[in-house]
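Down below is the structure, laid out as structure tokens.
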Amino acid sequence: MVFNTLTFMAFFATVLVLHSLPLPWTFRKVNLLIASYVFYAAWNPPFIFLLWISTIVDWYAAQGLVRAERIASRRAWMLLSVIANLGMLLYFKYGTFLLDNFTALMASMGVHYHAPKSDIVLPVGISFYTFATMSYTLDVYLRRALPARNFLDYALFVTFFPHLVAGPIMRPTELVPQFETPRRANRQQLCFGLGLMTLGLFNKVVLADTFLAGAAERIFDRGKAPGLLDAWTGTLAFSGQIFCDFAGYSTTAIGTALCLGFCMPDNFRFPYAAIGFSDFWRRWHITLSSWLRDYLYIPLGGNRHGPARTQIALMTTMLLGGLWHGANWTFVVWGGLHGTYLIAERRLRTSFRDYRPGRLGLFGMAVLTYFLVNITWVFFRAKDFSTAWTVLRGMSGFNTTAKPILPTVFIVSTGIVVGALVALHWYMRERTLESVVARVPEPVLAVAWGLMAFAIVISQGSGNAFIYFQF
């Protein structure tokens, strides 16, 4: 069940009505828990058992951490949680990848190993809810938070359907306290939540799927060498598509939760207006970057042990962050490029610490940032290195014999949509959506809302899954 389907609309309307009834708070939380399991079961019912395993193991691990008096006991409970969660993630997401690479390694050494055929099905959202549940036991182990007071609240935190399959990656301290007291959206929250849902679906159905996906697919999936214009158009189209698709999901999820009376953190803050790569990662997939910072980069030493240790921590974090996105070496290269960018940026800042760029300098840095981010998107989108190199050659102007691939309408529409998107990000760079909406007259908001809803309807989307469901 995905947000951009009539099935979800009927499901959400039913959940909203039940949640609004004058029933005891515990009963309404049970309704939300059951609804969340139904939402997840719509993909593959047996995978609910994985949710149960993760929920039960982490609940008892946190209880054990609180009761344990010896350091060894506390470490044992923490390791139980980490091994259980990472074990499931490694098997389902990376099992085939590891087996294929082991086979290739053996072949390179002259050993002909024939691996058994694997039919591992990737459970949707496993990367997201695994990180969410791990943060629970890690925070208890590090004494950053206390365990949830009751099992129902914790189980609902794990399975709460708006964030379950593609984030934002929630921390227990952000959501569990909200389940302790009765919540129901007021009129303002309901209107703003429905507005966010409409905006998110507009980004997904109209911009990502209707205007941008076609150009990206023709460049990356047809096996043809693109020329300069086609290669850049396809890459820019994907840069817009991946933002509109993922930010569209996050915006819809945040709006859905708000309609029920719950608040979730922002996951995107207009990243294509970033000036530098540290700024980019403060704006792109914020809940993942903060998770990697708190649970990986800082434990690896962060910036506390000199430049060399900092660079190792940065690169390790970004390589693993790339691998988190997918079981493919192209994602590792994507993460490695971002790690290289961050290290280079840190060195430049150290070398030019007294430099204060003016507006033109900041604009140039922003353009360079966007240019280099688009280079990384090639590896993120390409299914293999051969495709990535072919597209990069086209972007560099080396595919001189390439024939045109994209129709003019694709080139023009991509230029308009991506250009407007980047301009909007720059306008909103130092602003928030809430502050802008508060200053716009209600009739104007109503017209904009109606136009977005109309565009969603006439786009006749086929319910394409969100891109990040595969991660």
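Please treat every number below as a calculation from the coordinates, not as lab data. The structure presented is a predicted model; accordingly, all values stated were derived computationally and were not measured. Glycine also receives a Cβ, built like all others from the backbone with ideal geometry; neighbour counts cover every protein chain displayed.
Remarks
- Residue order, fewest to most surrounding Cβ atoms within 10 angstrom, among Arg283, Arg75: Arg75, Arg283
- Calculated SAXS-style log₁₀ I(q)/I(0) at q = 0.08, 0.11, 0.12 Å⁻¹ - the chain, Debye, Cα scatterers: -0.52, -1.02, -1.21
- Stretchable slack from Arg67 to Asn44, in nm (0.36 nm times residue separation minus alpha-carbon distance): 4.6 nm
- Taking other C-beta atoms within 10 angstrom as a stand-in for reagent exposure, Leu105, Leu18, Leu89, Leu212 fall in the order Leu105, Leu18, Leu89, Leu212, fewest first.
- Under 13 Å, Cβ to Cβ, from Phe262 - net charge with Lys/Arg +1 and Asp/Glu -1: +1
- Applying the criteria of a DSSP loop state and at most 12 other Cβ atoms within 10 Å to the trypsin sites (Lys or Arg not before Pro) of region 313-363 yields Arg353.
- Counting only Cα atoms, region 6-184 measures 70, 51, 22 Å along its principal axes, largest extent leading.
- Exposure here means at most 10 other Cβ atoms within 10 Å; with GluC sites (Glu not before Pro) in a DSSP loop as sites, the longest stretch of the chain lacking them is 70-429.
- When the charge dipole of region 316-413 is built from unit charges on Cβ atoms (+1 for Lys and Arg, -1 for Asp and Glu) and taken about the Cα centre, the candidate among Tyr355, Tyr341, Met365 whose Cα reaches farthest toward its positive end is Tyr355.
- The lysine pair tally for the chain, using Cα distances under 25 Å and a gap of 8 or more places or different chains, is 7.
- Shown here is the pair-distance distribution of region 189-464: with all Cα-Cα distances grouped in 10 Å bins from zero up to the longest one, the shares run 6, 25, 33, 25, 10, 1 percent.
- Distance in nm between pseudo-label sites at Ile83 and Ala446 (7 Å out along the Cβ direction from Cα): 6.2 nm
- For region 396-461: rounded, prolate or oblate by the Cα gyration tensor [a/c cutoff 1.5]: oblate
- Alpha-carbon centroids, region 100-118 and region 214-292: separation in whole Å: 36 Å
- Each Lys or Arg adds one and each Asp or Glu takes one away; over the other residues whose Cβ falls under 15 Å from the Cβ of Leu32, this sums to +2.
- Cβ-defined net charge surrounding Lys403, 10 Å radius [Lys, Arg +1; Asp, Glu -1]: 0
- Where chymotrypsin sites (Phe, Trp or Tyr not before Pro) fall in DSSP loop in region 285-364, at most 15 other Cβ within 10 Å: Phe352, Tyr355
- Shape box of region 93-235 [Cα atoms, principal axes, largest first, Å]: 61, 43, 26
- The slack in the chain from Leu320 to Leu372, taken as 0.36 nm per residue of separation less the alpha-carbon distance, amounts to 16.7 nm.
- Estimated inter-spin distance, Ala453 and Thr432, nm [label 7 Å along Cα→Cβ]: 2.6 nm
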